[in-house]
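Below you'll find the structure, written out as structure tokens, and then a few comments.
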């Protein structure tokens, strides 16, 4: 896909109007607050300092011929249910001038930077195919290969930012943190799969790194049982941040609805 320099950066120098010098002043975007229902309490966020995180919506996880279904016997049929919500949120964030991040597995062909607890846990010590291995549909989650590409039904815009990852968390051994900070982002809205694995790991690490976290409940899912989902939602609300529904976020972005204004 063609890439472009995005227009989200405010962290840039600029020339004087007459060209005689350089200004080092930064001009952060104007705050654009919006309020929406969330758990455990309604919250207010600033769309000018927010980013949408789309995690692992890739062929190897969602496609019937992908790694998850063909080599790990996972029932991936419900993973596609969140696509409509993710696309709607992506469109709204772009329309508000906020960045959309596609944070996907993208391992080296030689998997040289993957530790044993990733390689050997993933393959059950060689008992089944894992990262970088060849299966019928290609190499598993190798950067640039079919399995690592976003599924065709996920909207990927030329303005979006793609960041590869090689761990369950999207914040390890890559440039995600530095890009978010350069863009002045403070609040992350999380979507994608699998909720209890890469989505939660990335959300937790984001919180540890100082970002605010909002999980969009109906824009994320998992192959795990429902009791696992409920446990993750409980932990996020208790320890990490907030959970919300996509309709409430979209409504607030489109109308600037102010809920609980007197509370």
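From the list 184, 97, 170, the one residue that fits, being assigned to a loop (DSSP other than H, G, I, E, B), touching a residue at least 60 places away in the same chain (Cβ under 8 Å), closer than 28 Å to residue 237 by Cβ and out of contact with any strand residue (DSSP E or B) (no Cβ under 8 Å at 6 or more places or on another chain), is 184.
Checking each residue in segment 25-42 for being assigned to a loop (DSSP other than H, G, I, E, B) and loosely packed, with under 15 Cβ neighbours inside 10 Å picks out 25, 26, 27, 28, 30, 31, 40, 41.
Check whether at least one residue in segment 150-164 is part of a strand (DSSP E or B) and buried (at least 20 other Cβ atoms within 10 Å of the Cβ), and report yes or no. Before the answer, list the steps.
Restricting attention to segment 150-164, the residues satisfying the condition of being part of a strand (DSSP E or B) are 150, 161-164.
Imposing the further condition that a residue be buried (at least 20 other Cβ atoms within 10 Å of the Cβ) reduces the set to 164.
Yes; the residues of segment 150-164 include at least one that is part of a strand (DSSP E or B) and buried (at least 20 other Cβ atoms within 10 Å of the Cβ).
With respect to the conditions (1) surrounded by 19 or more Cβ atoms within 10 Å (Cβ to Cβ); (2) in contact with a helix residue (DSSP H, G or I) (Cβ under 7 Å, 6 or more places away or on another chain); (3) closer than 29 Å to residue 235 by Cα, residue 142 lacks only one, and its number is (3). Of all residues in segment 102-124 being in contact with a helix residue (DSSP H, G or I) (Cβ under 9 Å, 6 or more places away or on another chain) and assigned to a loop (DSSP other than H, G, I, E, B), which is nearest to residue 157 (Cα to Cα)? Applying the filter and picking the extreme gives 106. Of all positions in segment 178-194, at least one carries a residue that is over 21 Å from residue 32 (Cβ atoms) and surrounded by fewer than 18 Cβ atoms within 10 Å (Cβ to Cβ).
All of the numbers you see were taken from the coordinates with simple rules; none came from a lab. Note that the structure is predicted; figures quoted are calculated from it, not measured. Note: ideal-geometry Cβ built from the backbone for every residue, glycine included; neighbour counts use all protein chains shown.
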